Amino acid sequence: MSVSPALPEPAQMRAKLAEWQTWLDGETDRLLALDERAKMAGTDADRGDVAAAFVARKAIGDRLVAIGPLIDKNRREAVALMGKPVVDSLGGPVGKDIDDAGKLLDAIIGAVEQRLDATEQRQVVDIAKAQAIDADLSVAERLSRQLGEQVNQVAQLRQQQAARRDLDGVAATAAKVRAALERNDQQRQRVLAAFSVAPDRIQRLAERERDVRDLAARCTEKIAGPPRLAVPSVAAIGGGPDPAKLAGLPWSAARTQIEPFVDKLDRVERALDEAARRFGAPLAERDDLRGLLEGFRGKAGANGFSEDPAVEPLYRQARDLLWSAPCDLDGARPLVQRYIAAVNARIPAGGVGR
């Protein structure tokens with residue numbers, strides 16, 4: 001004779017039913033949130049699965065409602081009802097029992113949540129990409145009009161964006177086009193800024209030219225074998241293009257007149273700097289050699305042998321060359337070094353100047 005399993009106490013059954021209801025409330029909240037997301041970002045399949053989940057949720061809720069009153073009236077029937085198949089309002093199967101139905105509902109919700117998470121992430125990426133494309137093309141459109149460059153390419157990219165064709169390719173190309181146009185615009189602004197101050201710059205270069213010519217004349221007079229270097233003429237540059245005639249021209253047309261003029265100013269300035277360096281270097285070296293010679297003459301005097309016949313002639317030879325015009329630097333260098341070596345050789349350890 002078989003013994004029927006002991007029935008759980010009413011309090012136990014009510015506690016279990018409360019657990020189920022709490023779980024179902026949580027699933028209901030998930031489902032309501034999922035329904036809104038599916039309407040915004042889901043596919044037809046997502047929305048269909050959400051509808052099926054609502055059906056399963058109602059079937060489980062109805063079963064819990066049916067079990068509640070039986071706990072006090074007929075516990076055995078209440079327990080049996082927990083294990084019976086769960087069907088929807090049309091008689092379609094939901095689960096072989098309430099546990100199975102619960103697993104089905106949780107699985108449907110979880111699967112749709114995962115799909116929507118992926119879809120929404122793609123949408124975030126697509127939105128960011130679209131915003132980047134729009135920003136790049138907005139800048140590119142403005143600069144292409146100002147520069148008169150790549151106008152057709154920018155227009156084609158805008159058409160591709162509107163048609164949503166190859167957005168990855170559009171994004172990459174739009175960024176490159178924008179960067180290229182920005183570099184060209186920086187060059188345009190640099191050239192225009194240089195052109196705007198050209199009259200003042202020409203005046204400064206003319207003053208610089210006079211200084212360099214004076215330096216070149218002094219070097220030629222004072223130094224033997226001076227550099228063979230022409231000093232550029234600022235007057236040969238001319239006044240440049242007329243700003244009034246450039247007004248209203250597109251940059252592509254104005255550039256052909258402005259840029260060569262600004263480049264010429266740059267070249268003349270660099271040439272003047274180079275001429276100043278080349279003509280100034282021999283004079284500076286002569287002065288340095290004079291300073292060295294007199295410095296060691298002072299060391300010799302401090303040690304009491306400045307007039308010594310072993311070193312005095314070396315000093316005189318070097319001085320005669322360094323204070324003559326034109327000065328033979330090639331001849332003076334070794335004489336100064338010989339005098340320095342002779343003075344150093346005569347100064348004893350611990351002597352003055354050591």
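Read-outs: derived from the displayed coordinates by stated rules, not from any lab. Computed from a predicted structure; not experimentally measured. Here the Cβ positions follow ideal geometry from the backbone for every residue, glycine too, while neighbour counts run over all protein chains shown.
Structure data summary
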quantity	calculated
Gyration tensor (alpha-carbon) shape descriptor, the range 199-281, a/c threshold 1.5	prolate
Dipole axis of the chain (+1 Lys, Arg; -1 Asp, Glu on Cβ), positive-most option in G110, I258, A132	I258
Overall dimensions of the chain as given by Cα atoms, namely Rg and Dmax in Å	47.8, 145
Separation of the A244 and K58 label points, Cα + 7 Å toward Cβ, nm	8.6 nm
Residue of S138, S196, S306 that the Gaussian network model of the chain assigns the largest fluctuation, springs spanning Cα pairs under 10 Å	S306
Amide proton proximity set for C327, modelled H, under 5 Å, gap of 5+	I223, A224
Alpha carbon centroid spacing (whole Å) that separates the range 299-314 from the range 146-224	62 Å
Mean ellipticity per residue at 222 nm, deg cm²/dmol - from DSSP H runs of n ≥ 4 across the chain, formula -39500 (n - 2.57)	-27500 deg cm²/dmol
Contour minus Cα-Cα distance for R142 and M40 (0.36 nm per residue)	33.2 nm
Point-to-point label distance, E307-A276, nm (Cα→Cβ direction, 7 Å offset)	4.6 nm
Additional length obtainable on full extension of the chain from Q21 to D330, 0.36 nm per residue less Cα span	100.6 nm
3J(HN,Hα) from dihedral phi, the range 243-251, Karplus parametrisation 6.51/-1.76/1.60, rounded to Hz, x for glycine, proline	x, 5, 6, 8, 4, x, 6, x, 4
Residue exposure sequence - M82, M40 - by fewest surrounding Cβ within 10 Å	M40, M82
Chain lengthening between Q131 and D97 when straightened (0.36 nm per residue, less Cα-Cα)	7.2 nm
Per-residue Cβ neighbour rank within 10 angstrom, fewest leading, I347, I127, I258	I127, I347, I258
Lys/Arg +1, Asp/Glu -1 at C-beta; the chain dipole; positive extreme among I71, G280, Q189	G280
Cross-link reach list, lysines versus K103, counting only Cα pairs under 29 Å and skipping chain neighbours closer than eight places	K16, K39, K58, K73, K84
